[in-house]
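Presented below is the structure to which this report refers.
The values are calculated or read from the model by the stated rules, or taken from the named source; none is laboratory data. Just so we're clear, the structure is a prediction, and the values are computed from it rather than from any experiment. Note that we place each Cβ from the backbone using ideal geometry, even for glycine, and neighbour counts take in every protein chain shown. What goes into the accessible areas is simple: the full protein's heavy atoms, side chains included, and nothing from ligands, DNA or RNA. Shrake-Rupley method; radii C 1.70, N 1.55, O 1.52, S 1.80 Å.
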Amino acid sequence: DIMTPLEAMGVAITFDPGPRLEPLTLRQVVELPPLDVDAVGHLTETIRLVGKAVPADTTVIGFAGAPITLLAYLLEGGGSKGFMAMRAALRSDPVLADEALANLAASMRAYLGAQAEAGAEVVQLFDTWAGLLDVEGCQRFALPAARASLSGLEVPTIYFAPGAGHTLAWQGHVGASAYGVDWRTSIEDAFDVFGGRAVQGNLDPAVLLGDPDTVRRETLGLLEGVAGRPGHIVNLGHGIDHRTPPENVAAMVETVRS
């Protein structure tokens with residue numbers, strides 16, 4: 001879970017079913033201790049074990065939450081529709097917000113680096129709530145913090161900010177190897193914006209709640225939109241819904257492979 005490194009930094013978290021924690025202030029986030037990667041040794045050991053167990057042609061992918069997304073949870077104390085506490089804090093004290101994001105970015109950089117060292121061959125940064133910010137807010141806060149989280153890693157990196165299609169033209173500043181896009185963003189536009197970099201996405205997860213014929217039709221539509229451009233990582237435009245019939249996942253995979 002993206003909250004795992006926060007627990008290792010001393011944040012007490014429960015799940016009910018989403019994360020619940022005592023809301024922090026910006027100053028308290030600034031004062032969180034840097035992540036000690038030994039405190040997530042159970043995770044890196046798991047990556048090592050998985051890497052040994054899977055076939056050689058299966059890629060092990062690590063991941064972390066982006067700083068602005070983690071800050072949203074830390075200030076709100078859990079999930080929220082609009083994360084008003086985070087958005088208000090960025091405007092009321094931008095300098096302290098920069099410090100808080102820098103602290104989180106340094107820890108996420110260490111966290112992803114430890115995963116890569118343990119055998120993760122690609123790492124992905126999930127910026128789930130960056131899309132709540134306007135373009136200026138993303139440019140000022142979310143994207144620089146994401147860039148710092150991925151800077152200098154020795155494996156390919158993916159940046160995914162669902163609901164942030166309005167910032168597509170600026171996301172390249174994150175410096176990732178590949179970019180994920182959700183179902184609300186045109187896959188053709190994403191390829192145009194990101195040029196020679198890989199693009200991941202972007203079938204609507206709701207498609208998988210239909211029948212196999214619908215899944216096949218929509219998957220073919222996605223592939224036709226890509227039109228053979230190199231560097232497409234076929235994926236959903238966000239997380240899979242828990243009600244998804246497994247046979248629909250199979251229909252999607254079979255359609256792509258055929």
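Can we say V249 is over 30 Å from Q139 (Cβ atoms), open to solvent by less than 60 Å² (accessible area, probe 1.4 Å) and not polar (S, T, N, Q)?
Values: over 30 Å from Q139 (Cβ atoms): yes; open to solvent by less than 60 Å² (accessible area, probe 1.4 Å): yes; not polar (S, T, N, Q): yes.
The answer is yes for V249.
Go through segment 155-231 and tell me which helices (runs of 4 or more DSSP H), entirely inside it, have 1 or more residues that are closer than 24 Å to R257 by Cα and of a type outside the set (K, R). Full working, then the answer.
Values: elements: 168-171, 187-194, 212-226.
Fully inside segment 155-231 and qualifying: 187-194, 212-226.
Under 6 Å by Cβ, and 6 or more places apart or on different chains, what pairs join a residue from segment 27-56 that is in contact (Cβ under 8 Å) with a residue 12 or more places away in the chain with one that is open to solvent by 50 Å² or more (accessible area, probe 1.4 Å)?
Pairs that qualify, where the first residue is in contact (Cβ under 8 Å) with a residue 12 or more places away in the chain and the partner is open to solvent by 50 Å² or more (accessible area, probe 1.4 Å), are V30/E99.
Just checking, does segment 116-126 include any residue being without any contact (Cβ under 8 Å) to a residue 60 or more places away in the chain and either within 30 Å of A56 (Cβ to Cβ) or open to solvent by less than 10 Å² (accessible area, probe 1.4 Å) (or both)? Even if it seems obvious, please write down each step before you answer.
Initially, segment 116-126 is screened for residues without any contact (Cβ under 8 Å) to a residue 60 or more places away in the chain, giving 116.
Next cut, either within 30 Å of A56 (Cβ to Cβ) or open to solvent by less than 10 Å² (accessible area, probe 1.4 Å) (or both) only: 116.
Scanning segment 116-126 turns up at least one residue that is without any contact (Cβ under 8 Å) to a residue 60 or more places away in the chain and either within 30 Å of A56 (Cβ to Cβ) or open to solvent by less than 10 Å² (accessible area, probe 1.4 Å) (or both).
Restricting attention to segment 2-41, which residues are under 18 Å from W129 (Cα atoms), open to solvent by 50 Å² or more (accessible area, probe 1.4 Å) and outside any loop (DSSP other than H, G, I, E, B)?
R20
What are the residues in segment 208-222 that are touching a residue at least 24 places away in the same chain (Cβ under 8 Å) and open to solvent by less than 50 Å² (accessible area, probe 1.4 Å), if any?
L208, G210, P212, V215, T219, L222
So is L101 free of Cβ contacts under 8 Å to residues at least 60 places away in the same chain, closer than 20 Å to V50 by Cα and not β-branched (V, I, T) or not? It would help to see each step written out before you state the result.
Details: free of Cβ contacts under 8 Å to residues at least 60 places away in the same chain: yes; closer than 20 Å to V50 by Cα: no; not β-branched (V, I, T): yes.
It is false that L101 is free of Cβ contacts under 8 Å to residues at least 60 places away in the same chain, closer than 20 Å to V50 by Cα and not β-branched (V, I, T).
The rows are residues; the columns are (1) open to solvent by 10 Å² or more (accessible area, probe 1.4 Å); (2) over 30 Å from P246 (Cβ atoms).
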| site | (1), (2) |
| --- | --- |
| G113 | yes, yes |
| V135 | yes, yes |
| G152 | yes, yes |
| V174 | no, yes |
| A178 | no, no |
| V181 | no, no |
| P205 | yes, no |
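So which residues in segment 202-232 are more than 23 Å from the chain's Cα centre (by Cα) and at positive phi?
A227, G228
Hey, among T44, T59, which residue is buried (at least 17 other Cβ atoms within 10 Å of the Cβ), hydroxyl-bearing (S, T, Y) and out of contact with any Leu (no Cβ under 7 Å at 6 or more places or on another chain)? Show your work before the answer.
On the way: T59 fails: buried (at least 17 other Cβ atoms within 10 Å of the Cβ).
Of T44, T59, the one residue that is buried (at least 17 other Cβ atoms within 10 Å of the Cβ), hydroxyl-bearing (S, T, Y) and out of contact with any Leu (no Cβ under 7 Å at 6 or more places or on another chain) is T44.
If you go through segment 62-92 one residue at a time, how many are out of contact with any helix residue (DSSP H, G or I) (no Cβ under 6 Å at 6 or more places or on another chain) and either open to solvent by 50 Å² or more (accessible area, probe 1.4 Å) or in contact (Cβ under 8 Å) with a residue 40 or more places away in the chain (or both)?
Kept after step one, since they are out of contact with any helix residue (DSSP H, G or I) (no Cβ under 6 Å at 6 or more places or on another chain), are these residues of segment 62-92: 63, 65, 69, 73, 77-82, 84, 87-88, 91-92.
Add one more test, that the residue is either open to solvent by 50 Å² or more (accessible area, probe 1.4 Å) or in contact (Cβ under 8 Å) with a residue 40 or more places away in the chain (or both), and what stays is 63, 65, 69, 73, 77-79, 81-82, 84, 87-88, 91-92.
Qualifying residue count, segment 62-92: 14.
Go through the residues of segment 194-217 one by one and say whether even a single one is of a type in the set (A, V, I, L, M, F, W, C), over 30 Å from E117 (Cβ atoms) and touching a Pro at 6+ places or on another chain (Cβ under 9 Å).
Going residue by residue through segment 194-217, those that are of a type in the set (A, V, I, L, M, F, W, C) are 194, 198-199, 203, 206-209, 215.
If we keep only those that are over 30 Å from E117 (Cβ atoms) as well, we get 203, 206-209, 215.
Of the ones still in play, those that are also touching a Pro at 6+ places or on another chain (Cβ under 9 Å) are 208-209.
Looking for residues that are of a type in the set (A, V, I, L, M, F, W, C), over 30 Å from E117 (Cβ atoms) and touching a Pro at 6+ places or on another chain (Cβ under 9 Å), one finds at least one in segment 194-217, hence yes.
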